[in-house]
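One structure below.
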Amino acid sequence: MAYRPKLSKTASERPNAKPASKPASKKRYLQAKPEKDTETIRLNKFISRSGICSRRDADVLIQEGKVEVNGAVVKEMGYQVQLNDSVKVNGTNVHPENFIYILLNKPTNTITSTDDEKGRQTVMDLVEANTGHRLYPVGRLDRNTTGLILLTNDGDLANRLMHPSYKIGKVYEVTANRYLSDEELEQLRKGVELEDGIAKAYRVERHLAKHDSVLISVHEGRNHLVRRMVAFFGAEVIKLKRIQYASLYIDKLRVGRWRFLKAFEVNKLRASVKLPELRFTKS
């Protein structure tokens, strides 16, 4: 029986999803505020949430004596601070940003990175100017692969979603240069031998509406994985689109457009990787 992707209301296109060429929407949107000003968090988390580096790099800065809290150098690992404390890194004040979550339908010929040394268009070019926040893509899509990608400054969520132990599902709509037989689809379910080990799909179905396409669902995030799985049979992927990532669906969001996630979508993602719920405010 062919698999039909779930059409979830959570991924319907938002009115404020704008192409990059248009100014940012003036409508209010949700931001997550994880802690109250009176609650304490680890110093490395405070620094990483300011967007200047990862927690690991923050630990190095702390060890090197480059971090001050309320005017005093702190080298203690695990040191706790409040959000209203004065924290300086290399003499510059830093402060955590509220978390932002964006779902983008990535167009082709777009790089999944924060910048590109060759000057090619990146996913950040599509969203960053319109949000005013420094965001990072969760995982990668090939330059010519389209579809769903999540961008956020929530490092804890991003790291867990990308960690293989959580087995986050990804569903791709795949069109090859020839018809893939039932036997080949069954082999994809059982696993195919690639140069870096066995790769298998946890679900493979023919697309109901597009008879020349199949839907391949995987948990792994190896480079060019789906393309290499199809190439195992001597076929070539000519069109690849990610239509689902974890509990998020691309649905009717047009190519090149984006929208903010809703509060319950974020908390559903966080629950899937065993993170606590967040409180949200409108900005």
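Read-outs: derived from the displayed coordinates by stated rules, not from any lab. These numbers come from a predicted model, not from an experiment. Cβ sites come from the backbone with ideal geometry, for glycine too, and all protein chains shown count toward neighbours.
If one computes the Cα centroid of the stretch 94-157 and of the stretch 241-268, what distance in Å separates the two points?
Comparing the Cα centres of the stretch 94-157 and the stretch 241-268, I get a distance of 13 Å.
Show the residues, 5+ positions off or on another chain, whose built amide H is closer than 5 Å to the amide H of Arg242.
Correct list: Thr146, Gly147, Leu148, Glu173.
In sequence order, what are the phi-derived ³J(HN,Hα) couplings for the stretch 66-73 according to the Karplus relation 6.51 cos²θ - 1.76 cosθ + 1.60 with θ = phi - 60°, rounded to whole Hz, with x for glycine and proline?
Each residue of the stretch 66-73 in turn: 9, 10, 10, 10, 6, x, 10, 5 Hz.
Could you size up the charge dipole of the chain around its Cα centre, putting +1 on the beta carbon of Lys and Arg and -1 on that of Asp and Glu, and report it in debye to the nearest 20? Don't jump to the answer; show the numbers that get you there.
On the way: 51 positive and 34 negative charges, 242 e Å.
Rounded to the nearest 20 debye, it is 1160 debye.
Leaving out same-chain residues fewer than 8 places away, which aspartates and glutamates sit with a Cα under 18 Å from that of Lys118?
Once the sequence-local aspartates and glutamates are set aside, what remains near Lys118 is Asp142.
Cβ neighbours within 10 Å, averaged per peptide: list 253-259, 116-122, 159-165, 225-231 in order, most packed at the top. Mind dumping the intermediate values first?
Values: 253-259: 18.6, 116-122: 11.1, 159-165: 14.0, 225-231: 20.3.
Those peptides, ordered most packed to least, come out 225-231, 253-259, 159-165, 116-122.
If you take the Cα atoms of the chain, find Rg, then find the Kirkwood Rh from the mean of 1/r over all pairs, what is Rg/Rh?
Values: Rg = 20.9 Å, Rh = 20.6 Å.
When Rh is taken as the Kirkwood radius, the ratio is 1.02.
Output the 0 to 90 degree angle, nearest 10, between the alpha-carbon long axis of helix 263-272 and the longest principal axis computed from the alpha carbons of the chain.
Roughly 80 degrees, rounded to the nearest 10.
All other residues with a Cβ under 10 Å from the Cβ of Glu236 taken together, and with Lys, Arg as +1 and Asp, Glu as -1, what is their net charge? Please list the in-between numbers first.
Details: positive: Arg178, Arg227; negative: none.
Local net charge: +2.
In terms of modelled amide H atoms, which long-range or inter-chain residues lie less than 5 Å from the amide H of Thr122?
It is Ile111, by chain and number.
What pairs in Lys170/Lys239; Lys106/Lys252; Lys106/Lys200; Lys210/Lys252; Lys167/Lys200 have C-alpha atoms more than 18 Å from each other?
Numbers: Lys170/Lys239 16 Å; Lys106/Lys252 13 Å; Lys106/Lys200 25 Å; Lys210/Lys252 16 Å; Lys167/Lys200 13 Å.
Those over the limit are Lys106/Lys200.
Name the residue farthest towards the positive end of the dipole of the stretch 169-245 from the options Phe232, Leu188, Leu215, assuming +1 on Cβ of Lys and Arg, -1 on Cβ of Asp and Glu, about the Cα centre.
Final value for the positive-end residue is Leu215.
What's the Kirkwood radius of the stretch 40-94 in Å, using all Cα pairs?
Numbers: mean 1/r = 0.0946 Å⁻¹.
After inverting the pairwise mean of 1/r, the radius is 10.6 Å.
Considering only Ala201, Ala158, Ala235, give the residue with the highest GNM mean-square fluctuation for the chain, with springs between Cα atoms whenever their separation is below 10 Å.
Ala235
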